[in-house]
There are 4 protein chains.
Amino acid sequence: MSSVTNSIKAATAERAWEQFHSEENLAKGVSIEAGELLQCFQWGPDFDAIRVQDELADVLTYCLLLADKLGVDPERVVLQKLATTREKYPVDKARGRSTKYDAL
Amino acid sequence: MSSVTNSIKAATAERAWEQFHSEENLAKGVSIEAGELLQCFQWGPDFDAIRVQDELADVLTYCLLLADKLGVDPERVVLQKLATTREKYPVDKARGRSTKYDAL
Amino acid sequence: MSSVTNSIKAATAERAWEQFHSEENLAKGVSIEAGELLQCFQWGPDFDAIRVQDELADVLTYCLLLADKLGVDPERVVLQKLATTREKYPVDKARGRSTKYDAL
Amino acid sequence: MSSVTNSIKAATAERAWEQFHSEENLAKGVSIEAGELLQCFQWGPDFDAIRVQDELADVLTYCLLLADKLGVDPERVVLQKLATTREKYPVDKARGRSTKYDAL
């Protein structure tokens, strides 16, 4: 993912956009684009794959910029969180259930 | 990123959670977690780095699951979108401006 | 607010849109429109008042439709929640602080 | 709705919370609470009515504070927006369709 992040950063630097990319603004960006992604499913489960893919790319772009700004490796934070999830949701208790961990 | 996706999918499969992971539900997941990320910045630019990183990981996890469900490579869709952004925002017009492309 | 809700419901009924307005879809609508409202503040505190007002109206519209669908009075639920907030955030502890109640 | 807004403002003033309530922070509040509302529907259409009502109240509370901060009447902006919607979606074209106006 780091070469993708580098490509995004190059395009950003060329446009002198880093000045807008505070952690807070990037978090807002993630939320705004997540709303556009959700809009693809406003009225139900059917969707336009191209549009979904496009909005997903926008969410991911802001996520990668935020990870970079925080100085963290996006793959590493996902794996760390996955380890926590594995502990919070033991297979024998969580299997086949969408219940939140504190209600398992 | 694909080995990270595989780790998430393994944990998901062990818990028989794929049944909950329709595209629509994953898009809702992205939006919900994006809201929790934004909450780290509810009252301003200061933030708890660990908490932000943790919420970012949740957003990314749903993004990777959604990309996988759609059968697309997350890195590829980001790069494709970046190419579009580069076109929509030519350096000479967009430099140092946060204006939306249709108002440049 | 009930006469406003009635006006929205009349416009909805004329267009046979009730079929799309499950609680879940209305909640998605609230979230999507909240993202558009947030977009007015993507890059900072300055905003276009007309645009903000317009997006706020969209969020409120879905909120009123959802309250109606749930059979609850929006004013009453807000006042009930306010009573809870008053208890969770006693004036002497919460005054001048944005800290969450469980950390006060 | 204005007496409800007044009750919220009184509780806010007692706690000296107005300092946190910039338009931008209130818009973030709407988005964050909308995410919590959506979470009630994370895995499908079934929901806990009390929880939904509670989260809806939070969204509405921030909406009313934002309307007040903007100096607009929430009922009036909703009705204004409804007039626009009626025009954009003529009954004969929009009836029974969830299509966006620019694709009707």
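The values are calculated or read from the model by the stated rules, or taken from the named source; none is laboratory data. All of these numbers come straight from a predicted model, not from anything done at the bench. Cβ: placed from backbone, ideal geometry, glycine included. Neighbour counts: every protein chain shown. Note: areas computed on protein heavy atoms with side chains; ligands, DNA, RNA excluded. Shrake-Rupley method; radii C 1.70, N 1.55, O 1.52, S 1.80 Å.
Conditions: (1) more than 9 Å from chain A (Cβ to nearest Cβ); (2) under 15 Å from D:E24 (Cα atoms); (3) open to solvent by 10 Å² or more (accessible area, probe 1.4 Å). C:Q42 meets all but one. Number of the miss?
Result: C:Q42 passes all but (1).
State all residues of the stretch C:45-57 that are open to solvent by 10 Å² or more (accessible area, probe 1.4 Å) and β-branched (V, I, T); if no residue qualifies, say none.
C:I50
Here are some conditions: (1) touching a helix residue (DSSP H, G or I) at 6+ places or on another chain (Cβ under 8 Å); (2) modelled with pLDDT of 95 or more; (3) under 22 Å from A:E55 (Cα atoms). B:W43 meets all but one. Which one does it not meet?
Here B:W43 clears every test but (3).
Tell me, yes or no, whether the stretch C:80-87 has at least one residue that is farther than 30 Å from D:R97 by Cβ and touching a residue at least 60 places away in the same chain (Cβ under 8 Å). Walk me through how you get there before you give the answer.
Applying the first criterion (farther than 30 Å from D:R97 by Cβ) to the stretch C:80-87 yields C:80-87.
After this cut, where a residue has to be touching a residue at least 60 places away in the same chain (Cβ under 8 Å) as well, the list is none.
For the stretch C:80-87, residues farther than 30 Å from D:R97 by Cβ and touching a residue at least 60 places away in the same chain (Cβ under 8 Å): absent.
Condition first: within 20 Å of A:F41 (Cβ to Cβ) and more than 19 Å from the chain's Cα centre (by Cα). Can you find one or more residues in the stretch D:58-66 that meet it?
For the stretch D:58-66, residues within 20 Å of A:F41 (Cβ to Cβ) and more than 19 Å from the chain's Cα centre (by Cα): absent.
Taking the conditions exactly as written (in contact with an Asp or Glu (Cβ under 8 Å, 6 or more places away or on another chain) and facing another protein chain (nearest Cβ under 9 Å)), does D:V4 satisfy them or not?
yes
For B:L60, only one of the following conditions fails: (1) within 21 Å of A:R86 (Cβ to Cβ); (2) open to solvent by 40 Å² or more (accessible area, probe 1.4 Å); (3) touching a Lys or Arg at 6+ places or on another chain (Cβ under 9 Å). What is its number?
Going through the list (1) within 21 Å of A:R86 (Cβ to Cβ); (2) open to solvent by 40 Å² or more (accessible area, probe 1.4 Å); (3) touching a Lys or Arg at 6+ places or on another chain (Cβ under 9 Å), B:L60 breaks only (2).
Taking only the stretch C:69-103 into account, find how many residues are within 18 Å of D:V4 (Cα to Cα), open to solvent by less than 60 Å² (accessible area, probe 1.4 Å) and touching a helix residue (DSSP H, G or I) at 6+ places or on another chain (Cβ under 7 Å).
Total satisfying the criteria: 8.
Mind listing just one residue for me: the one in the stretch B:47-82 that is at the interface with another protein chain (Cβ under 7 Å from one of its Cβ atoms) and β-branched (V, I, T) and, of those, nearest to B:G29 (Cα to Cα)?
Looking at residues that are at the interface with another protein chain (Cβ under 7 Å from one of its Cβ atoms) and β-branched (V, I, T), I get B:V59.
From the list A:E18, A:E36, A:E14, A:E23, which residue is touching a helix residue (DSSP H, G or I) at 6+ places or on another chain (Cβ under 9 Å), within 11 Å of chain C (Cβ to nearest Cβ), open to solvent by 10 Å² or more (accessible area, probe 1.4 Å) and at pLDDT 95 or above?
A:E36
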